[in-house]
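Some notes on the structure that comes next.
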Amino acid sequence: MGYESEIDSDASAPVSRTVQPSERLSPDPSLRQAPRMETNWFSKRYLIAFLAFFGFANIYALRVNLSVAIVAMTSNFTVIGHNGEEIVVPPEFDWDRELQGKILSSFFYGYILTQVAGGWLACQYGGVRLFGMGVLTTAALTLLTPLAAKIHVYLLVATRVLEGMFEGVTYPAMLGIWSRWAPPCERSRLVTITLSGSYFGTVAAMAVSGAIAQHLNWASIFYVLGMIALFWCFLWCFLIRESPLHDPWVSEAEKNYIQESIGPSLRAKRVRVPWKSVLTSAPVWAIVAAHFSENWGFYTLLTELPTFMSDTFHMKIMNGNMLASLPYLVMGIVVQSSGFLADWLRSSGHLSTMQVRKMFTCAGFLCQTIFLIAAAHSPNALTTILSLTIAVGFGGFAWSGFSVNLLDIAPQYAGVLMGISNTVATIPGLLSPILTSHITKDQIASEWKLVFYLCAACYVMGAVVYGLLASGKVQPWASVTLLDETVSILDDQSSTEDLLSVNSTHRATQE
């Protein structure tokens, strides 16, 4: 039988179909037309989200542990002698501020190297094994960190660089996993549930690491967190598979729902990445700019907040880290909540995908700017932590905008796009600790104000660029290969149900 207008009879030629305004029933009609299945919190995709949540919690615990430990490693501490006398013991490591900044930033020298490679591997082979390998190797290196530090500072730096390299594949790998497991109408919630683990992991690591350093010793921080991560790796490798098609424990109903929602075009094992189109796409660079801006503020506070609390308010390690971890607890809650809200606004037809992504990202950045400036001028620890908590919390709204946007504009290339985005967004991790250490040489409040002003300026830049260039469309270059056919979607919708509708029409006309 001949083909109708949606797909050309020459299957080897790419064909575009433009959706006319009269065809649109709502800002995102494709979400209405997609297969529906009642949310089951015990389904396999939510088990993946649950385990991935703890995976990112482990990743960030292994990343942030040195930010806490380095305070104990380079500070005087008091012990009680046999006669009850207090004895002041000098620090174990005599590292000045600039060397500490280099040590803290060394992780990101490795982290920036493997982002794009991780995205490409996730697109070609899937992300489950890649994600597990990244966490497993990082955990093993964490267990060796105390030994490396005692041998030589540059061996510690080399260990952190290697940790960064293996953690670098984790974010692209996770986007690769969700490109095969996440129905479009559940993308925001599944991705944000997963990513929120990084903030809860930060909270737990800061609180637990501070307590361990105060009551045991700094080396125990690495041993405890490393062993927890190894246990998680065992569960992940045993329970999770690359796709519903290869999972023996997923129900038939869920398998069919996921595959029908995503469409057969996204089940292909290998994809060809249109590198030139990706690298010249304005919506891609809008996401990159937003990611860079968010990470500048996040990494600055992640690595320097314990030191800021110690310098400005002279807090002990345990108390300082418990307060410093509060903003990330709030952010984790906001990230999850905003993901559900974003999905509801899209699926109910109240707002289009582009409107949701821009509103959440830009509003989040501007609110962060306001409260960071407020924190810079706060007179005491309570108001400072309150302002920083609100500022970091609004970052959760931004994450449910730009981070999920990768799956909107090119779902099958989401791992590669995350690799590119995270490569640029890792630059703050390299520069921020060194620049902050240079600015705060005298450890006074006025120097920390400048640090906060710089973060606020980055947020404003991100809001402007994302607001001007971002898109909710499946991009013209985001074509997919199914059997011997290439289909390009050129409409202003954001979900892959469009791919499904074209392929369904193709099959119907053949019959």
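Among the residues of the range 353-381, just one is under 21 Å from E447 (Cβ atoms), out of contact with any Phe, Trp or Tyr (no Cβ under 8 Å at 6 or more places or on another chain) and assigned to a helix (DSSP H, G or I), namely A374.
State all residues of the range 122-133 that are touching a residue at least 60 places away in the same chain (Cβ under 8 Å) and not basic (K, R); if no residue qualifies, say none. A122, C123, Q124, Y125, G126, G127, V128, F131, G132, listed by residue number.
Please indicate, with yes or no, whether at least one residue in the range 414-429 is open to solvent by 10 Å² or more (accessible area, probe 1.4 Å) and without any contact (Cβ under 8 Å) to a residue 40 or more places away in the chain. Within the range 414-429, none of the residues are open to solvent by 10 Å² or more (accessible area, probe 1.4 Å) and without any contact (Cβ under 8 Å) to a residue 40 or more places away in the chain. Checked against the criterion of being of a type outside the set (A, V, I, L, M, F, W, C), open to solvent by less than 10 Å² (accessible area, probe 1.4 Å) and in contact with a Leu (Cβ under 9 Å, 6 or more places away or on another chain), the range 108-115 has at least one qualifying residue.
Report yes if S220 is assigned to a helix (DSSP H, G or I), more than 22 Å from the chain's Cα centre (by Cα) and touching a residue at least 60 places away in the same chain (Cβ under 8 Å), otherwise no.
Considered against the rule, which asks whether it is assigned to a helix (DSSP H, G or I), more than 22 Å from the chain's Cα centre (by Cα) and touching a residue at least 60 places away in the same chain (Cβ under 8 Å), S220 comes out as no.
Per this entry, S310 is not counted among residues that are modelled with pLDDT of 80 or more, of a type in the set (G, A, S), assigned to a helix (DSSP H, G or I) and open to solvent by 40 Å² or more (accessible area, probe 1.4 Å).
Filter the range 243-259 for residues that are of a type in the set (D, E) and farther than 14 Å from L51 by Cβ and give the result. Of everything in the range 243-259, those that are of a type in the set (D, E) and farther than 14 Å from L51 by Cβ turn out to be E252, E254.
When residues of the range 224-240 are filtered for being within 14 Å of V64 (Cα to Cα), touching a residue at least 40 places away in the same chain (Cβ under 8 Å) and either acidic (D, E) or open to solvent by 10 Å² or more (accessible area, probe 1.4 Å) (or both), how many remain? Residues flagged as within 14 Å of V64 (Cα to Cα), touching a residue at least 40 places away in the same chain (Cβ under 8 Å) and either acidic (D, E) or open to solvent by 10 Å² or more (accessible area, probe 1.4 Å) (or both) within the range 224-240 amount to 1. Per the listing V135, V157, V203, V128, the residue uniquely over 24 Å from K44 (Cβ atoms) and crowded, with 22+ Cβ neighbours inside 10 Å is V203.
Looking across the range 393-413, the residues that are open to solvent by less than 10 Å² (accessible area, probe 1.4 Å) and within 21 Å of Y459 (Cβ to Cβ) come down to G393, G395, G396, A398, S400, G401, F402, S403, V404, N405, L406.
To keep it simple, each residue is scored yes or no on (1) of a type in the set (A, V, I, L, M, F, W, C); (2) in contact with a Leu (Cβ under 8 Å, 6 or more places away or on another chain); (3) on the phi > 0 side of the Ramachandran plot.
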| site | (1), (2), (3) |
| --- | --- |
| A122 | yes, yes, no |
| Y125 | no, no, no |
| L144 | yes, no, no |
| K150 | no, no, no |
| V169 | yes, yes, no |
| G176 | no, yes, no |
| W181 | yes, yes, no |
| P184 | no, yes, no |
| S198 | no, no, no |
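It is to be established whether one or more residues within the range 56-67 are open to solvent by less than 60 Å² (accessible area, probe 1.4 Å), part of a helix (DSSP H, G or I), modelled with pLDDT under 50 and over 26 Å from E242 (Cβ atoms). The answer is no; no qualifying residue exists.
Residue pairs whose Cβ atoms lie under 9 Å apart, sitting 6 or more positions apart in sequence or on different chains, and linking a residue in the range 103-119 that is in a loop (DSSP other than H, G, I, E, B) to a partner that is of a type in the set (D, E, K, R), are T114/E167.
Select from the range 360-391 the residues that are touching a Gly at 6+ places or on another chain (Cβ under 8 Å) and among the β-branched types (V, I, T) and list them in ascending order. Within the range 360-391, just T361 meets the criteria.
Among residues of the range 453-479 that are more than 20 Å from P428 (Cβ to Cβ), those with a Cβ under 7 angstrom from a residue that is open to solvent by 30 Å² or more (accessible area, probe 1.4 Å) and polar (S, T, N, Q), sequence gap 6+ or separate chain, pair up as W477/S277; S479/T486.
Could you name every one of the helices (runs of 4 or more DSSP H) located completely within the range 412-511 that has at least 2 residues being under 22 Å from the mean Cα position of the chain (by Cα) and at pLDDT 85 or above?
414-425, 427-439, 445-469
Just one of the listed residues (H246, H291) is within 25 Å of A457 (Cα to Cα), of a type outside the set (G, A, S) and either out of contact with any helix residue (DSSP H, G or I) (no Cβ under 9 Å at 6 or more places or on another chain) or modelled with pLDDT of 90 or more (or both), namely H291.
The values are calculated or read from the model by the stated rules, or taken from the named source; none is laboratory data. Not measured: the values here are computed from a predicted model. Cβ atoms come from the backbone with ideal geometry, glycine included; neighbour counts cover every protein chain shown. SASA here: full protein model, heavy atoms, side chains in, ligands and nucleic acids out. Shrake-Rupley method; radii C 1.70, N 1.55, O 1.52, S 1.80 Å.
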